[in-house]
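Everything on this sheet refers to the single structure shown next.
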C-alpha cells in the first residue's frame, strides 16, 4: 500500500480549476484583440512600446522584490499584465523614456512598494500613466509633443477625438464616427484608442471566464452615458471614445483595487462614471478615465466596510 | 420540469463524481481482526467505559456511557472480547480513550425485542434515541435526543430529512433512500411525533431522482410527508441553507433550527431511530461510502463502528493508481488521514481516496481581493477579512467579520485563486475567540 505518500492538509480537499496565473493569462488573452488592432494600426511603434513596457515591468518587479528581500512572483503574470496595460494607455508616439518611467512607477512603486500584488491600493498601470502624464508638464494633447523628442521623430498626430467631446461641434476638427470609434480611427492617441470593439471583445471573454463581474463596468458605462446626455453631450460618443471601455472592463475591475461586494462595486462604478464625465466636461479632455479610476480606488476600503453584506439570517437593525 | 428548483444563494458546483459508487448496492463490510471503538464519537461529554479488559461483550451491548445530557452512549459493534481500553488517535488525530475489541470468529446476529412503535410517547422516543446512542450521522455527530428536546417556548412544526448529500463523492444516503425508503419514512414519522411536528419534508437533490421517486411511493399514503427536490449545489445540505431553501425561513446567527420551528435530521439517523424504536437496535453500524479514483471498486458498505479504514479499503479492492489523499468524510469537509489506521465512527459518511490529478496543492499567497469567496459564501460573510484579522491576531475583528457564523463549508477555499485555506484560519479564530470569552 502506498500509504506513506499520503498528504495531510485541512479541508476542503477539492479546488476549482483556477488560480492567479490562470486568471492573469485570461486577462492577457482578453487584451489580445486590442493589442492586435494596435499592431495593425501603429505597426512597429506599437510593437516597440508593448515589448518595452513588458520587459521593464518584469525587470522592475525582479529588482524591487530583490531589494525588499521577497520571493520572486513573476510566475503570477501580473507584471506582464501591468506592462501591457501601461503600453496600451500611453500615446503611441510617446518617447521611450516616458514608457520606462511609467512602467517602473506602475510595477516598482504602485505595486511592489505597496507590498506586492494584493496590497496595492491604486491600480498600478494607471498610477504609472498618471505620474508621467502629470510630470511631463501637462502635455497639450496626445500629439506626442513631449519636448524631449529626438530630431526627426514624428510628433504630428491627429488631434484626439476627446477634444471634440469637450468642445462640442468643432467645425475645424473632423471627428470620427461611432463606427470609427468602435473599429479604429487613424492614429488618434493611445494604442487602445484603435477601437472600442476590440476591447469589448476581450471583455466578453473575461465575463465568460468569470474573471470579472459585470457590475463595475455596467455602472461606469451607464453613468457616463446618462450623465453625458444630461449635460447635453453625445453619450454614445462619450462611452466609445478614449479609454472608457478599457478602463471600465480592464482597469476598474482590477481585483485588488476594486470593492468586494456587489453594492460596493455598483457605487464604485457610479463614482468613476461621474468623475469621468465631470473631468472631461470641466477639466482636461484626456486622462479623465485614469484619474477617475484612481479616485474610485481611494474609496474602496470605505466601500468594503459600508457595503459589508448582511449576514445570513441577521435582522436589519430597525 | 421547467420550474425552478429550490435552493439558497451562494455556494459552488464542485466535481461531484457520485457515479463512482451511486449504482452500488449497500454491501456488508467484512469484520476486521480488531475494532477500535472510541468512547467519544459525538459532540458533548466523553463516555466512561462500562467494560474492562478481558470482558466478553455481545453485539449491541452498551460499553460506554456518560451522565451528561449532551452525550451519547456507545455500544459494542461485534460480539467478542475486550482486549484493552487505551488512548488511540481518532480520525482527527486527537487521542481518545477507546475500547479495543477482538471479535469472536462466529458472530451472532443482534437480538432485539420487537416493539410497537405506534403508541410511543415523546418522552419514550427521546429515551430510545439516547439509549441507542443516536447522533447526527452526517458528520457533526450531535446527540439526537438533545435535538429532540427543543426549548418549550419554541415549538417545532416541521421535521426535515436532509437527503441532499451535497458532499461530492458520497452516496451512502442516496443508497439508503433508494433501498430503504419505507424505513426512512417511518423514521421521519417517529421524529415528527417526538417533537410534535405536523409536517415532514424529505429534501433530495435533483441528482438523486430515483431516490426521490422511491420515497414518493413509500410516502404516498402519508399526507403529512412530502418529498421536495432541490438544486444540485454545495452546501445545499447545510442545516441553515436547507431550511431556507425548503421554507424560506432563516435561522438567525448563533441560533438553532428550533428558533424557526424546524428540526433537521440526517437520513441515516432517521432510519437508525426507526430501528432503535422497533427492535431496540442501538447505533453500532452505519453505511460508509468508500470511493474515489484511488480505490479499485468503489462501493457502499454497511460497516461496524470501530472498523479501521484499511479494512474498508481492502473491501473496495485496495488502492489503485497513486493515492495522494485519504479523506475520512467528504472531500469538502472531511479529514485527511496520514494512514489508513483510523476507525469508522458514528459520523463517518465516507472514505474518499483522491489521486494526484485531483489534488491541487498551490502555495498560499496574498489575497488579491478577487471577491470570489464573498460571492460563494452561503452565510454572506467576507471570508478574506476573517483571514486578514486572524493573520493579525485581531480576534475582535475576526468576530466582527463573522468568524463565529462560519460553518466551515469550504466554498471560499474551493474557489480561492490565491490558495488561501480560509477554513483553517476560521478554526483558529474560533478557538481564540472562545478562549477569550472564557476569561
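Spot the failing condition for residue A:253; the list is (1) within 13 Å of chain B (Cβ to nearest Cβ); (2) more than 15 Å from residue A:127 (Cβ to Cβ); (3) in a helix (DSSP H, G or I), and only one is missed.
That leaves (3) as the condition not met.
Among the residues of region B:134-149, is there at least one that is in contact with a helix residue (DSSP H, G or I) (Cβ under 7 Å, 6 or more places away or on another chain) and either over 18 Å from residue B:284 (Cβ atoms) or not assigned by TED's automatic domain parsing to the domain that holds residue B:345 (or both)? Give the derivation first.
Of region B:134-149, the ones in contact with a helix residue (DSSP H, G or I) (Cβ under 7 Å, 6 or more places away or on another chain) are B:134-137, B:144-145, B:148-149.
After this cut, where a residue has to be either over 18 Å from residue B:284 (Cβ atoms) or not assigned by TED's automatic domain parsing to the domain that holds residue B:345 (or both) as well, the list is B:148-149.
So far as region B:134-149 goes, yes, one or more of its residues are in contact with a helix residue (DSSP H, G or I) (Cβ under 7 Å, 6 or more places away or on another chain) and either over 18 Å from residue B:284 (Cβ atoms) or not assigned by TED's automatic domain parsing to the domain that holds residue B:345 (or both).
If the requirement is being modelled with pLDDT under 95, within 23 Å of residue B:82 (Cβ to Cβ) and out of contact with any helix residue (DSSP H, G or I) (no Cβ under 6 Å at 6 or more places or on another chain), which of these qualifies: B:45, B:2?
B:45
Going by what's in this entry, would residue B:52 be described as touching a strand residue (DSSP E or B) at 6+ places or on another chain (Cβ under 9 Å), part of a loop (DSSP other than H, G, I, E, B) and within 25 Å of residue B:299 (Cα to Cα)? Write out each step before concluding.
Details: touching a strand residue (DSSP E or B) at 6+ places or on another chain (Cβ under 9 Å): yes; part of a loop (DSSP other than H, G, I, E, B): yes; within 25 Å of residue B:299 (Cα to Cα): no.
The answer is no for residue B:52.
Which numbered condition in (1) farther than 30 Å from residue B:60 by Cβ; (2) over 17 Å from the mean Cα position of the chain (by Cα) is the only one that residue B:336 fails?
Only one criterion is unmet by residue B:336, namely (2).
Would you mind telling me which numbered condition in (1) at the interface with chain A (Cβ under 8 Å from one of its Cβ atoms); (2) surrounded by 24 or more Cβ atoms within 10 Å (Cβ to Cβ) residue B:405 fails?
(2)
Name every residue in region A:276-305 that is crowded, with 23+ Cβ neighbours inside 10 Å and either more than 17 Å from the chain's Cα centre (by Cα) or assigned to a helix (DSSP H, G or I) (or both), in order of residue number.
Of region A:276-305, the ones crowded, with 23+ Cβ neighbours inside 10 Å are A:276-277, A:280, A:286-290, A:292-293, A:296-297.
A:276, A:277, A:280, A:288, A:289, A:290, A:292, A:293, A:296, A:297 - these are the residues of region A:276-305 that are crowded, with 23+ Cβ neighbours inside 10 Å and either more than 17 Å from the chain's Cα centre (by Cα) or assigned to a helix (DSSP H, G or I) (or both).
When residue B:353 is evaluated against the numbered criteria (1) part of a loop (DSSP other than H, G, I, E, B); (2) not assigned by TED's automatic domain parsing to the domain that holds residue B:428, which criterion, by number, is the only one it fails?
Unmet for residue B:353, out of (1) part of a loop (DSSP other than H, G, I, E, B); (2) not assigned by TED's automatic domain parsing to the domain that holds residue B:428: (1).
Can you pull out every residue in region B:266-295 that is buried (at least 23 other Cβ atoms within 10 Å of the Cβ) and within 14 Å of chain A (Cβ to nearest Cβ)?
Those that are buried (at least 23 other Cβ atoms within 10 Å of the Cβ) and within 14 Å of chain A (Cβ to nearest Cβ): B:291, B:292, B:294, B:295.
Please specify each residue of region A:21-57 satisfying the condition of being more than 18 Å from the chain's Cα centre (by Cα) and under 30 Å from residue B:334 (Cα atoms).
A:21, A:22
Given B:387, B:374, B:353, which one is buried (at least 24 other Cβ atoms within 10 Å of the Cβ), touching a strand residue (DSSP E or B) at 6+ places or on another chain (Cβ under 8 Å) and under 30 Å from residue B:429 (Cα atoms)?
Working: B:387 fails: touching a strand residue (DSSP E or B) at 6+ places or on another chain (Cβ under 8 Å); B:374 fails: touching a strand residue (DSSP E or B) at 6+ places or on another chain (Cβ under 8 Å).
Within the list B:387, B:374, B:353, the selection yields B:353.
Restricting to region B:244-255, name every residue that is touching a residue at least 40 places away in the same chain (Cβ under 8 Å) and out of contact with any helix residue (DSSP H, G or I) (no Cβ under 6 Å at 6 or more places or on another chain). Step through it out loud before you land on a result.
Filtering region B:244-255 for residues touching a residue at least 40 places away in the same chain (Cβ under 8 Å) gives B:244-247, B:253-254.
If the condition is that a residue be touching a residue at least 40 places away in the same chain (Cβ under 8 Å) and out of contact with any helix residue (DSSP H, G or I) (no Cβ under 6 Å at 6 or more places or on another chain), then B:244, B:245, B:246, B:247, B:254 are the ones that fit.
Can you name the helices (runs of 4 or more DSSP H) wholly within region A:16-92 that have at least 2 residues being within 14 Å of chain B (Cβ to nearest Cβ) and surrounded by fewer than 21 Cβ atoms within 10 Å (Cβ to Cβ)? Show your work before the answer.
On the way: elements: A:20-42, A:44-67, A:78-89.
Because the criterion is at least 2 residues that are within 14 Å of chain B (Cβ to nearest Cβ) and surrounded by fewer than 21 Cβ atoms within 10 Å (Cβ to Cβ), the helices (runs of 4 or more DSSP H) in region A:16-92 that meet it are A:20-42.
Looking only at residues that are touching a helix residue (DSSP H, G or I) at 6+ places or on another chain (Cβ under 6 Å) and at the interface with another protein chain (Cβ under 8 Å from one of its Cβ atoms) in region B:339-367, which one is farthest from residue A:122 (Cα to Cα)? Steps first, please.
Taking region B:339-367 and keeping what is touching a helix residue (DSSP H, G or I) at 6+ places or on another chain (Cβ under 6 Å), we get B:339-340, B:342, B:349, B:351, B:367.
Applying the additional criterion that residues be at the interface with another protein chain (Cβ under 8 Å from one of its Cβ atoms) yields B:339-340, B:367.
Numbers: B:339: 48, B:340: 50, B:367: 15 Å.
So, considering only residues that are touching a helix residue (DSSP H, G or I) at 6+ places or on another chain (Cβ under 6 Å) and at the interface with another protein chain (Cβ under 8 Å from one of its Cβ atoms), the one farthest from residue A:122 (Cα to Cα) is B:340.
Which residues, counting only those in region B:328-338, are touching a helix residue (DSSP H, G or I) at 6+ places or on another chain (Cβ under 9 Å) and either surrounded by fewer than 24 Cβ atoms within 10 Å (Cβ to Cβ) or facing chain A (nearest Cβ under 7 Å) (or both)? Give the steps one after another, and end with the answer.
Filtering region B:328-338 down to residues touching a helix residue (DSSP H, G or I) at 6+ places or on another chain (Cβ under 9 Å) leaves B:328, B:331-333, B:337-338.
Selection gives B:331, B:332, B:333, B:337, B:338.
Mind listing whichever residues of region B:146-184 are over 19 Å from the mean Cα position of the chain (by Cα) and more than 20 Å from residue B:300 (Cβ to Cβ)?
The answer is B:149, B:150, B:151, B:152, B:153, B:154, B:155, B:156, B:157, B:158.
Identify, by number, the condition in (1) more than 8 Å from every other protein chain (Cβ to nearest Cβ); (2) out of contact with any helix residue (DSSP H, G or I) (no Cβ under 7 Å at 6 or more places or on another chain); (3) under 28 Å from residue B:269 (Cα atoms); (4) free of Cβ contacts under 8 Å to residues at least 40 places away in the same chain that residue B:392 doesn't meet.
Every listed condition holds for residue B:392 apart from (3).
Conditions tested, residue by residue: (1) within 15 Å of the chain's Cα centre (by Cα); (2) at pLDDT 90 or above.
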{"residue": "A:59", "(1), (2)": "no, yes"}
{"residue": "A:85", "(1), (2)": "yes, yes"}
{"residue": "A:90", "(1), (2)": "yes, no"}
{"residue": "A:112", "(1), (2)": "no, yes"}
{"residue": "A:127", "(1), (2)": "yes, yes"}
{"residue": "A:142", "(1), (2)": "no, no"}
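For residue B:230, only one of the following conditions fails: (1) closer than 26 Å to residue B:155 by Cβ; (2) within 14 Å of chain A (Cβ to nearest Cβ); (3) buried (at least 17 other Cβ atoms within 10 Å of the Cβ). What is its number?
Status for residue B:230: all satisfied but (2).
Identify, please: which residue in region B:296-327 is in contact (Cβ under 8 Å) with a residue 60 or more places away in the chain and in a strand (DSSP E or B) and is, among those, farthest from the other protein chains (Cβ to nearest Cβ)?
B:302
The values are calculated or read from the model by the stated rules, or taken from the named source; none is laboratory data. This is a predicted model, so every value here is computed, not measured. All Cβ positions, even for glycine, are placed from backbone atoms using ideal geometry, and neighbour counts span all protein chains on display.
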